[in-house]
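This report refers to the structure that appears directly beneath it.
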Amino acid sequence: MTADPVSAAVTIPSELGEAHALQARIEDGLHACGYTDHDVFAIKLALEEALVNAIKHGNQMDPDKQVRVEYRITADRFDVRIADEGPGFNPSDVPDPTEPGNIERPCGRGLLLIRGFMSSVEYHGCGNVVTMSKLRNGHPGGDE
Amino acid sequence: MASQPARRRRLEVEDIGDIAVVQFVDKKILDEQNIQMIGDDLFRLVDELGRRKVLLNFANVEFMSSAALGKLITLHRKLQAVQGKLILCKIAKEILDVFKITKLDKILEIKPDEQSGLQAF
């Protein structure tokens, strides 16, 4: 049994509590569509990293700036677009945290985790918009 | 009077011989303020309480983002600086992927369970 596709467009203020409430709503939608715990974890982690980046690094926690989140959950895939009001950034300028010289740096791993857990990730415009997709590869009732 | 953020317990520490076995109270290690406090409590074990062998048991942890990784790396460095040792154990499969993707499984010692973690010191 599979639930109907879910689409939503939400604008949230630059507050991590709001981001977590939205993540919980998306998580409920993923479970309703029968996504496995493994896929839900991957999507939750990518959302956490991308929303923290948008709120902290993009909008600099500015309460006057907002984050626009558009997402769609279908039986086969999850797609999300996250846009902040910051100046953007060039992902290729972010140092590779797996390089020996960077491996012990305490930060800078969010983008790497997003790429590792999602099927595709793209930055747009000046870098203040990210789109991510996760193809569903589990089966309802099984976690592998 | 200004209210203080609740200073609730975030870690359970049990001494087994000279090894501090640390369990996380929270299922989700998220939120900068929370992670800051967890980091402070972990660093206090080394800096103030003089522990040199620390086993972090992740059995309770269901979700953890990259923000927590920095604290683990700093704890690892602190222990290395005093000839101590940090070992992690009982990490859920999905969270283990976080360590593998970031290649931190190459610099942090990870054991499947508490017993093998205790034996690795």
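Laid out as a table, the results:
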{"read-out": "Degrees, to the nearest 10: A:37-52 long Cα axis against longest axis of chain A", "value": "30 degrees"}
{"read-out": "Neighbour-count order for A:Ile114, B:Ile95, B:Ile16, fewest beta carbons within 10 angstrom listed first", "value": "B:Ile16, B:Ile95, A:Ile114"}
{"read-out": "Per DSSP, loop GluC sites (Glu not before Pro) in region B:17-74 with at most 11 further Cβ within 10 Å", "value": "B:Glu48"}
{"read-out": "Whole-number percent relative contact order across chain A, with pairs defined as alpha carbons under 8 Å at least 6 apart", "value": "30 percent"}
{"read-out": "Mean separation of Cα contacts under 8 Å (6+ apart) over length of region B:1-99, as relative contact order %", "value": "29 percent"}
{"read-out": "Rg [Å, one decimal], Dmax [Å, integer] - the protein assembly as shown, C-alpha atoms", "value": "19.3, 57"}
{"read-out": "DSSP beta bridges in region B:11-119 [antiparallel fraction, %, rounded to 5]", "value": "30 percent"}
{"read-out": "Angstrom value of the Kirkwood radius, inverse mean 1/r, which spans all Cα pairs in region B:11-119", "value": "13.8 Å"}
{"read-out": "Other protein chain Cβ atoms within 10 Å, averaged over every residue that makes up A:41-51", "value": "3"}
{"read-out": "Loop-located GluC sites (Glu not before Pro) in region A:1-80, at most 10 other Cβ atoms within 10 Å (DSSP)", "value": "none"}
{"read-out": "Set of lysines with alpha-carbon distance to B:Lys100 below 18 Å, sequence-local pairs under 8 removed", "value": "A:Lys44, B:Lys71, B:Lys90, B:Lys111"}
{"read-out": "Kirkwood Rh in Å, taken over chain A so that all alpha-carbon pairs contribute", "value": "15.7 Å"}
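No value in this document is a laboratory result; all are computed from the given coordinates. Keep in mind it's a predicted model, so treat the numbers as computed, not measured. Note: ideal-geometry Cβ built from the backbone for every residue, glycine included; neighbour counts use all protein chains shown.
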